[in-house]
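Enquirer: Structure in structure tokens, see below.
The values are calculated or read from the model by the stated rules, or taken from the named source; none is laboratory data. Since the model is a prediction, treat every value here as computed from it, not as a measurement. Cβ placement follows ideal geometry from the backbone for every residue including glycine, while neighbour counts extend to all protein chains displayed.
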Amino acid sequence: MAKLISFDEEARKSLLEGVSKLSRAVKSTLGPRGRNAVLDKGWGAPKVTKDGVTVAQDIDLEDKFENMGVQLVKEAASKTSDVAGDGTTTATVLAEAIYRDGLRYVASGCDPMALSRGVQKAVDAVVAELKKLAKPVKADDRKAIETVASIAGNNDKEVGKILADALMKVGKDGVITVEEGRQVSTEVELVEGMQFERGYLSPHFVTDVDNQVAEFDNCRILIYEEKISSAKQLVPLLEKTSKAGVTLLIIAEDIEGEALATLVVNKMRGILKICAVKAPGYGDRRKAMLEDIAVLTGGKAIFKDLGVKLENVELSDLGVA
């Protein structure tokens, strides 16, 4: 495929044109008084947003050189979002200002590398000053949390109050998950411990027939990354839990075949109080969630890269909840 090549002033001007077009679209959303942008997704209804990085990600220009300028600033905005979680619009505006003024200095004969070092020194000075001006927010300072949350929510005081309520309930080490609801009102639901959307693998594990739920207190929890299909793998652990007289919950990628049949038979005969569920999530997220469950329950997550066989798992490796 043939390549278009551009040099010197022509290339710089094309890049600047792309950067300027992106910045003009994004900076209109800046700050609490920023305006909304309407994006045509090509399917369904248009999307209305005030999020700078969302606007930036939706922009692609027809001119290849101008589009390269767009991609450069997109990268800056995206990294800012990854590191800080916000500030993408500000990053876009600053990137355009630095690039525009930088071109002016380069055109007047300034050494680009010296200019880059100067910009970095200015960045370091500004960051140091911002750290001096910053006011730490304590976990128990409801008013400060509400103010910060309101600003992050486009100066919506109702959003600020809801987030402050949630933070006060879960504390600084708690986790807040925001989900799209089906109602007009916004609700805060406090969940003690941890929950994930997975059910028992067999109805025979049910302990409350009327409500069709399986409930255990102070049960041991096996956290296993891989699929369990052989009963032979499970027998040593089942014997240990039976002798100890404890209930067992198995969380694994899947439990099938004779392994699942063995668990069901032992449960129906009253030999074991047991239940099995599939592990939550997929890929790397599943591994992270299993680690969270292990930390929460005080157990060990048995991952395949650890080289630990299921037959060698001890009761001390299991979590408790």
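Enquirer: Restricting to the stretch 114-135, name every residue that is touching a helix residue (DSSP H, G or I) at 6+ places or on another chain (Cβ under 9 Å) and more than 27 Å from Leu103 (Cα to Cα).
Expert: Within the stretch 114-135, just Lys135 meets the criteria.
Enquirer: Could you tell me whether any residue of the stretch 241-258 is among the β-branched types (Val, Ile, Thr), within 25 Å of Glu192 (Cα to Cα), crowded, with 17+ Cβ neighbours inside 10 Å and in contact with a Gly (Cβ under 6 Å, 6 or more places away or on another chain)?
Expert: no
Enquirer: Is one or more of the residues making up the stretch 125-142 within 28 Å of Glu253 (Cα to Cα) and surrounded by 11 or more Cβ atoms within 10 Å (Cβ to Cβ)? Talk me through it step by step, then tell me what you get.
Expert: Filtering the stretch 125-142 down to residues within 28 Å of Glu253 (Cα to Cα) leaves none.
No, the stretch 125-142 contains no residue that is within 28 Å of Glu253 (Cα to Cα) and surrounded by 11 or more Cβ atoms within 10 Å (Cβ to Cβ).
Enquirer: Kindly indicate whether Ile271 is of a type outside the set (S, T, N, Q) and assigned to a strand (DSSP E or B). Walk me through it before giving the result.
Expert: Numbers: of a type outside the set (S, T, N, Q): yes; assigned to a strand (DSSP E or B): no.
Considered against the rule, which asks whether it is of a type outside the set (S, T, N, Q) and assigned to a strand (DSSP E or B), Ile271 comes out as no.
Enquirer: Restricting the stretch 21-42 to residues that are aliphatic (A, V, I, L, M) and either at positive phi or without any contact (Cβ under 8 Å) to a residue 24 or more places away in the chain (or both), which is surrounded by the fewest Cβ atoms within 10 Å (Cβ to Cβ)? I'd like the intermediate steps shown before the answer.
Expert: First, the residues of the stretch 21-42 that are aliphatic (A, V, I, L, M): 22, 25-26, 30, 37-39.
With the extra rule that they be either at positive phi or without any contact (Cβ under 8 Å) to a residue 24 or more places away in the chain (or both), the set shrinks to 37-39.
Details: Ala37: 19, Val38: 9, Leu39: 16.
Across the stretch 21-42, the extreme among qualifying residues is Val38.
Enquirer: Still on this structure, I have one more. Could you say whether any residue in the stretch 197-220 is farther than 30 Å from Arg269 by Cβ, touching a helix residue (DSSP H, G or I) at 6+ places or on another chain (Cβ under 9 Å) and in a helix (DSSP H, G or I)?
Expert: No - not one qualifying residue is present in the stretch 197-220.
Enquirer: Restricting attention to the stretch 79-110, report how many residues are surrounded by fewer than 16 Cβ atoms within 10 Å (Cβ to Cβ), assigned to a helix (DSSP H, G or I) and of a type in the set (Ser, Thr, Tyr).
Expert: Going through the stretch 79-110 one residue at a time, the tally reaches 1.
Enquirer: Go through the stretch 107-142 and give me each residue that's free of Cβ contacts under 8 Å to residues at least 12 places away in the same chain and basic (Lys, Arg).
Expert: Arg117, Lys121, Lys131, Lys132, Lys135, Lys138 - these are the residues of the stretch 107-142 that are free of Cβ contacts under 8 Å to residues at least 12 places away in the same chain and basic (Lys, Arg).
Enquirer: Another one. If I filter the stretch 53-70 down to residues being in contact (Cβ under 8 Å) with a residue 40 or more places away in the chain and part of a helix (DSSP H, G or I), which single residue comes out as surrounded by the most Cβ atoms within 10 Å (Cβ to Cβ)? It would help to see each step written out before you state the result.
Expert: The initial filter retains those residues of the stretch 53-70 that are in contact (Cβ under 8 Å) with a residue 40 or more places away in the chain, namely 61, 63-70.
Checking the rest, the ones that are also part of a helix (DSSP H, G or I) come to 64-70.
Details: Lys64: 12, Phe65: 18, Glu66: 19, Asn67: 19, Met68: 16, Gly69: 27, Val70: 23.
That would be Gly69.
Enquirer: Tell me the residue from Val264, Val246 that is in a loop (DSSP other than H, G, I, E, B) and modelled with pLDDT of 85 or more, please.
Expert: Values: Val264 fails: in a loop (DSSP other than H, G, I, E, B).
After ruling out the rest, the residue left standing is Val246.
Enquirer: Now, a different point. Given the conditions (1) closer than 27 Å to Ala152 by Cβ; (2) assigned to a helix (DSSP H, G or I), report the number of the one that Gly31 does not fulfil.
Expert: The one condition Gly31 does not meet is (2).
Enquirer: Give me the residue from the stretch 293-302 that is of a type outside the set (Val, Ile, Thr) and crowded, with 16+ Cβ neighbours inside 10 Å and, out of that set, nearest to Leu260 (Cα to Cα). Lay out the reasoning, then the answer.
Expert: Narrowing the stretch 293-302 to residues of a type outside the set (Val, Ile, Thr): 294, 296, 298-301.
Those left that are additionally crowded, with 16+ Cβ neighbours inside 10 Å: 294, 299-301.
Working: Ala294: 23, Gly299: 22, Lys300: 22, Ala301: 20 Å.
For the stretch 293-302, the residue satisfying everything is Ala301.
Enquirer: A further question on this structure: Within the stretch 152-181, restricting attention to residues that are of a type in the set (Lys, Arg) and in a helix (DSSP H, G or I), which residue is modelled with the highest pLDDT? Before the answer, list the steps.
Expert: Residues of the stretch 152-181 that are of a type in the set (Lys, Arg), as a first pass: 157, 161, 169, 172.
Retained after the next criterion (residues that are in a helix (DSSP H, G or I)): 157, 161, 169.
Details: Lys157: 86, Lys161: 89, Lys169: 84.
The qualifying residue modelled with the highest pLDDT is Lys161.
Enquirer: Among the numbered criteria (1) assigned by TED's automatic domain parsing to the domain that holds Leu103; (2) part of a loop (DSSP other than H, G, I, E, B), which single criterion is violated by Ala2?
Expert: The failed condition is (1).
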